[in-house]
Amino acid sequence: MRDAPGVTLLSGETVVAQDVSGSGVTVTLASGRQLSAGLLVGCDGRGSGVATRAGIKRVGWRYGQTALVTAVWHERDHGGVAQQFFMPSGPLAILPLKGGHHSSIVWSESAEVAEAIQALPDDAYLEALRPRFGDFLGEIALAGARFTYPLSLSLAERFIAPRVALVGDAAHGVHPIAGQGLNLGLRDVAALAEVLILARRRGEEPGAPVALEEYQRWRRFDATSLALGMDVVNRVFSTDNPLLRLGRDLGMGLVSSMPGLRRGFIRQAAGLTGELPKLLAGKPI
Ligand SMILES: Cc1cc2nc3c(=O)[nH]c(=O)nc-3n(C[C@H](O)[C@H](O)[C@H](O)COP(=O)(O)OP(=O)(O)OC[C@H]3O[C@@H](n4cnc5c(N)ncnc54)[C@H](O)[C@@H]3O)c2cc1C
């Protein structure tokens, strides 16, 4: 990307303003520099200034959960396998890192409990983690800085505006329970590239309304349905309601016993279902 022809990478710059005219869009950087193009792609995260400046509103809600994130060293090799444990207060995901003996954790707790855990010194934090983590990887130790992220759902009401398209979390911030945030963003980028290239072949310029509408039609349903699906999964898995737990356990048992259904879920989690953009299917556009 850095070396792609026609690409100039500016780092350490912040976009502070954008101005759309009939023929293009101009952004102003904090340094005062201005850049103009036919289309502005907002990939500036769930607090997207591009979306706000384009008048795109957001809908969503907080989960009352906060994710504690850090890296952990463990005695046994993780074998490249990710684990997720579901607890009433929220899931604990253990995600393998390079080398076999380190994993990153995304440990969701109610906001108050997470705040209290984050305030603990390292040894007490580790003691709180240990019973949740279990001993399947042997001894554990903290191996990285500790962060917290309040969890929320944040969906842009529209993914496009004149001369503007939103991708990634700028369009849809979802619960991390199924690790789908990055997948969704990659699908947006691949779909937008495909739509724009096909539009150019038809003789349309980047930012043409027809192409942007096509992008929105393609991506908004997929992203919104997945975001709401993750919302339901979180509610069903982060509960100690006995009825919901029974329904969930029966459902999980059913999925495990039906290989076809299980493969379907695995394909969904890997982002391989729905109308896959060509780039994600490994095909040229
Ligand atoms: C705790 C947690 C765990 C997660 N776990 C997973 C997981 O396991 N798997 C997964 O797929 N996803 C996961 N996600 C989601 C994933 O992190 C996001 O979906 C992904 O980072 C979104 O990428 P993005 O580029 O759209 O936005 P971001 O990563 O938010 O990047 C936006 C960028 O825009 C920049 N920016 C913002 N404003 C401006 C401005 N005015 N000018 C210039 N630059 C600006 C920011 O500095 C930032 O670099 C997790 C999220 C959380 C919170």
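The values are calculated or read from the model by the stated rules, or taken from the named source; none is laboratory data. Because the structure is a prediction, the values reported are computed rather than measured. Cβ coordinates were reconstructed from backbone atoms using ideal geometry, including for glycine residues, and neighbour counts include every protein chain displayed. For accessibility, only protein heavy atoms count, side chains too; no ligands or nucleic acids. Shrake-Rupley method; radii C 1.70, N 1.55, O 1.52, S 1.80 Å.
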The conditions are (1) closer than 30 Å to Ala223 by Cα; (2) open to solvent by 40 Å² or more (accessible area, probe 1.4 Å), and Arg130 fails exactly one of them. Which is it? (1)
Under 7 Å between Cβ atoms, which residue pairs at least 6 apart in sequence (or on different chains) link something in the stretch 153-167 that is farther than 21 Å from Gly38 by Cβ with a partner that is outside any strand (DSSP E or B) and open to solvent by 20 Å² or more (accessible area, probe 1.4 Å)? Ser154/Arg46; Leu155/Thr224; Glu157/Lys57
What pairs come up if the first residue lies in the stretch 4-22 and is within 17 Å of Leu39 (Cβ to Cβ), the second is open to solvent by less than 90 Å² (accessible area, probe 1.4 Å) and away from the ligand (no atom under 15 Å from the Cβ), and their beta carbons are under 6 Å apart, counting only those six or more places apart or on different chains? Val20/Arg163
Test each condition in (1) buried (at least 17 other Cβ atoms within 10 Å of the Cβ); (2) closer than 30 Å to Met252 by Cβ; (3) near the ligand (Cβ under 10 Å from one of its atoms) for Ala114 and report the one that comes out false. (3)
Search result, residues across the stretch 1-49 that are over 23 Å from the mean Cα position of the chain (by Cα) and among the polar types (S, T, N, Q): Thr8, Gln18, Ser21, Ser23, Thr26, Thr28, Ser31, Gln34, Ser36
Residues satisfying the stated conditions in the stretch 70-91, i.e. touching a Lys or Arg at 6+ places or on another chain (Cβ under 8 Å) and within 14 Å of Val113 (Cα to Cα): Met87
Inside the stretch 29-41, can you point out the residues that are in contact (Cβ under 8 Å) with a residue 40 or more places away in the chain and either away from the ligand (no atom under 11 Å from the Cβ) or not in a strand (DSSP E or B) (or both)? Ala37, Gly38, Leu39, Leu40
Within the stretch 133-178, which residues are outside any strand (DSSP E or B), within 16 Å of the ligand (Cβ to nearest atom) and open to solvent by 20 Å² or more (accessible area, probe 1.4 Å)? Gly144, Ala145, Arg146, Asp169, Pro176, Ala178
Among the residues of the stretch 219-227, are any among the β-branched types (Val, Ile, Thr) and within 15 Å of Leu184 (Cα to Cα)? yes
Any idea which of (1) in a loop (DSSP other than H, G, I, E, B); (2) buried (at least 17 other Cβ atoms within 10 Å of the Cβ); (3) not acidic (Asp, Glu) is the one Val195 doesn't satisfy? (1)
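For (1) farther than 22 Å from Val167 by Cβ; (2) within 11 Å of the ligand (Cβ to nearest atom); (3) among the charged types (D, E, K, R); (4) in a helix (DSSP H, G or I), each residue gets a yes or a no:
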{"site": "Val27", "(1), (2), (3), (4)": "no, yes, no, no"}
{"site": "Gly45", "(1), (2), (3), (4)": "no, yes, no, no"}
{"site": "Ala51", "(1), (2), (3), (4)": "no, yes, no, yes"}
{"site": "Gly55", "(1), (2), (3), (4)": "no, no, no, no"}
{"site": "Gly60", "(1), (2), (3), (4)": "no, no, no, no"}
{"site": "Gln65", "(1), (2), (3), (4)": "yes, yes, no, no"}
{"site": "Val69", "(1), (2), (3), (4)": "yes, yes, no, no"}
{"site": "Val72", "(1), (2), (3), (4)": "yes, no, no, no"}
Does Gln84 satisfy the condition of being open to solvent by 60 Å² or more (accessible area, probe 1.4 Å) and closer than 22 Å to Leu228 by Cα? yes
Taking the stretch 179-190, which residues are within 8 Å of the ligand (Cβ to nearest atom) and either open to solvent by less than 50 Å² (accessible area, probe 1.4 Å) or among the aliphatic types (A, V, I, L, M) (or both)? Gln180, Gly181, Leu182, Asn183, Leu184, Gly185
Residue ID - farthest from the chain's Cα centre (by Cα), chosen from residues in the stretch 50-81 that are farther than 30 Å from Ala17 by Cβ and free of Cβ contacts under 8 Å to residues at least 24 places away in the same chain: Gly79
Of the residues that make up the stretch 213-223, is at least one closer than 30 Å to Leu92 by Cα and exposed (fewer than 15 other Cβ atoms within 10 Å of the Cβ)? yes
